[in-house]
Amino acid sequence: MSSRVLCFVFLLLCIFPAIAFALHLPLTLTHFDANDPSRDPYQILSYLASSSLARAHHLKNPQITATATSDATTTTPLFSHSYGGYSISLSFGTPPQILPFVMDTGSDFVWFPCTHRYVCKNCSFSPSSDQNVTIPSFIPKLSSSSRLVGCRNPKCSWVHHTNKTQCDECRNSLTPQNCTQACPPYFLLYGSGTTAGVALSETLNLGDRTVSNFLVGCSIFSSRQPAGIAGFGRGLPSLPTQLKLHKFSYCLISRRFDDSPSSSTLILDSTSDLDRKTNGLIYTPFIKNPIVRGKDAFQVYYYVGLRKITVGGRRVKVPHKFLSPGKNGNGGTIVDSGSAFTSMAREIFEPLAVEFVKQVKNYSRARDVEVLTGLRPCFDVKDMGKPVELPELRLHFKGGAEIALPLENYFAVIGEGMACLTVVTDGGVGGGKAVVGHSGPAIVLGSFQMQNYYVEYDLRNQRLGLKPQLCI
């Protein structure tokens with residue numbers, strides 16, 4: 001990789017301010033232990049609520065500036081982390097270099113921290129870690145298969161989500177067909193984080209298989225990114241698309257195992273048995289993605305048809321227009337492994353929260369905890385002498401599929417007995433000022449709500465499969 005390209009990337013990045021959110025403390029359990037003096041459970045939940053809202057805002061208002069076939073099934077361990085995400089390890093290069101990646105179904109680009117010069121701002125996710133934490137990086141010069149992607153390479157347009165040529169420097173050349181200009185640097189936003197770098201063609205190693213000419217980003221600079229990101233969305237540069245997967249599936253281990261060696265499994269499936277349903281799964285079809293000018297990212301998301309929400313058996317009154325994506329891209333429900341807590345448009349969240357408050361008679365409201373965490377409603381459930389009982393939250397999908405979430409998937413118990421609903425809404429946490437003019441998906445189903453669920457993305461048959469399952 002030429003030093004001129006690296007210098008250009010650094011010069012480009014200087015004009016973009018890093019997002020200055022301050023990370024606080026990591027999440028340890030669904031029950032947050034207030035007895036650990038190094039961790040403030042209220043700050044933990046406040047961070048997860050804020051980051052989920054920032055993520056939801058990005059998904060609703062995306063900004064992007066910027067091959068091999070196998071008949072095998074590959075499995076890889078999936079780990080949960082206190083920063084709110086789940087990670088896998090992938091191997092790139094010749095010889096292989098193994099790196100961690102955040103699994104993200106809400107984006108479609110795969111990138112890793114790259115070169116010895118990699119810089120990551122505000123990337124310490126532990127109160128005991130130094131702010132200049134060392135993050136494993138891919139070193140292109142140590143790989144014989146590493147190549148810069150040229151501006152005339154069709155995959156360059158995948159990076160920048162455009163059909164236009166990226167060869168600006170070659171337009172005035174006497175021999176444009178011999179242009180050697182590299183694909184321009186990319187700059188990507190992820191809600192509360194950013195990354196920027198250059199596109200590489202590299203070898204991906206999956207067990208005994210090798211996938212050559214895999215498009216991957218070599219990021220030189222990031223902010224608030226704990227690792228690289230493996231985009232599992234619908235776009236051309238995503239990992240499932242480049243691997244020509246028929247389906248992929250995962251089981252999300254409980255958040256009580258955050259930052260531990262315990263893991264569950266991600267399955268990458270390219271088998272020929274295309275139409276077979278997996279035993280025990282209930283299915284709901286993917287909904288057609290809205291095509292909106294200037295919102296190409298909407299075509300990357302996995303939309304599902306959420307028909308209704310019930311709390312304690314009572315239907316939450318949700319305006320119909322929020323349940324299906326309109327021609328303008330507003331409304332509908334997406335599944336996003338990159339979000340921690342589920343986010344809802346205020347018009348959905350408010351009646352949901354009101355219904356919980358109406359039905360909860362045995363516990364008093366903990367408004368001081370709501371202020372500290374940014375979550376609501378919260379209840380004081382301590383010293384009752386019996387198990388916590390709160391109304392059931394059930395999601396009803398198109399096609400008859402429905403799931404009754406386990407209590408630990410939608411309420412977090414903090415300290416000595418404060419329980420908060422782990423759903424957030426736009427306009428700020430804790431009842432902030434409403435956002436005028438809702439845009440984008442109305443509901444983003446986060447990973448916290450999918451703990452101990454087996455989730456299958458059947459890409460061939462365009463359906464999502466679900467079943468409760470102990471993931472460890």
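Just a few scattered comments:
- Whichever residue in the stretch 393-416 is within 30 Å of the chain's Cα centre (by Cα) and more than 24 Å from Tyr303 (Cα to Cα) and, among such residues, is surrounded by the fewest Cβ atoms within 10 Å (Cβ to Cβ): Gly415
- Of all the listed residues (Ser260, Ser254), the sole one being among the small types (Gly, Ala, Ser) and over 27 Å from Glu402 (Cβ atoms) is Ser260.
- Checking each residue in the stretch 119-146 for being modelled with pLDDT of 95 or more and part of a loop (DSSP other than H, G, I, E, B) picks out Ser137, Ile139, Ser143, Ser144, Ser145, Ser146.
- On the stretch given as the stretch 460-472, residues that are part of a strand (DSSP E or B) and either of a type in the set (A, V, I, L, M, F, W, C) or open to solvent by 40 Å² or more (accessible area, probe 1.4 Å) (or both) total 4.
- Residues (among the polar types (S, T, N, Q) and either assigned by the TED database to the domain that holds Gly106 or loosely packed, with under 11 Cβ neighbours inside 10 Å (or both)) located in the stretch 279-294: Asn279
- Taking residues in the stretch 324-344 that are in the same structural domain as Phe448 (by the TED database) and open to solvent by 10 Å² or more (accessible area, probe 1.4 Å), and partners anywhere that are modelled with pLDDT under 90 and of a type in the set (A, V, I, L, M, F, W, C), the pairs with Cβ atoms closer than 7 Å and at least 6 places apart or on different chains are Asn328/Val292.
- Looking across the stretch 442-459, the residues that are within 25 Å of Leu407 (Cα to Cα) and not in a helix (DSSP H, G or I) come down to Ala442, Ile443, Val444, Leu445, Gly446, Gln451, Asn452, Tyr453, Tyr454, Val455, Glu456, Tyr457.
- Within the stretch 88-97, tally of residues that are open to solvent by less than 10 Å² (accessible area, probe 1.4 Å) and not aliphatic (A, V, I, L, M): 2
- Top-ranked residue of the stretch 372-387 - restricted to ones that are in a loop (DSSP other than H, G, I, E, B) and aliphatic (A, V, I, L, M), ranked as nearest to the chain's Cα centre (by Cα): Leu375
- Restricting attention to the stretch 352-371 and to residues that are surrounded by fewer than 17 Cβ atoms within 10 Å (Cβ to Cβ) and part of a helix (DSSP H, G or I), the residue that is nearest to the chain's Cα centre (by Cα) turns out to be Val371.
- Any hit, the stretch 295-308, residues being within 30 Å of Ser201 (Cβ to Cβ), of a type outside the set (Lys, Arg) and outside the structural domain of Asp426 (by the TED database): no
- Qualifying residues in the stretch 238-277 (those that are assigned to a helix (DSSP H, G or I) and either farther than 27 Å from Ser201 by Cβ or of a type in the set (D, E, K, R) (or both)) - the one least open to solvent (accessible area, probe 1.4 Å): Arg255
- Filter result (aromatic (Phe, Trp, Tyr) and more than 13 Å from Ala196 (Cα to Cα)) within the stretch 215-252: Phe232, Phe248, Tyr250
- For the residues Pro77, Pro100, Pro113, the requirement of being buried (at least 24 other Cβ atoms within 10 Å of the Cβ) and not in a loop (DSSP other than H, G, I, E, B) singles out Pro113.
- Strands (runs of 3 or more DSSP E) contained entirely in the stretch 306-348, each with at least 1 residues that are over 9 Å from Ile443 (Cβ atoms): 306-311, 333-335
- Failed item, numbered, when Ala72 is tested on (1) out of contact with any helix residue (DSSP H, G or I) (no Cβ under 6 Å at 6 or more places or on another chain); (2) open to solvent by 40 Å² or more (accessible area, probe 1.4 Å); (3) at pLDDT 65 or above; (4) on the phi < 0 side of the Ramachandran plot: (2)
The values are calculated or read from the model by the stated rules, or taken from the named source; none is laboratory data. Since the model is a prediction, treat every value here as computed from it, not as a measurement. With ideal geometry, Cβ positions are generated from the backbone for all residues, glycine too; neighbour counts draw on all protein chains shown. Surface accessibility is based on the protein's heavy atoms, side chains included, excluding ligands, DNA and RNA. Shrake-Rupley method; radii C 1.70, N 1.55, O 1.52, S 1.80 Å.
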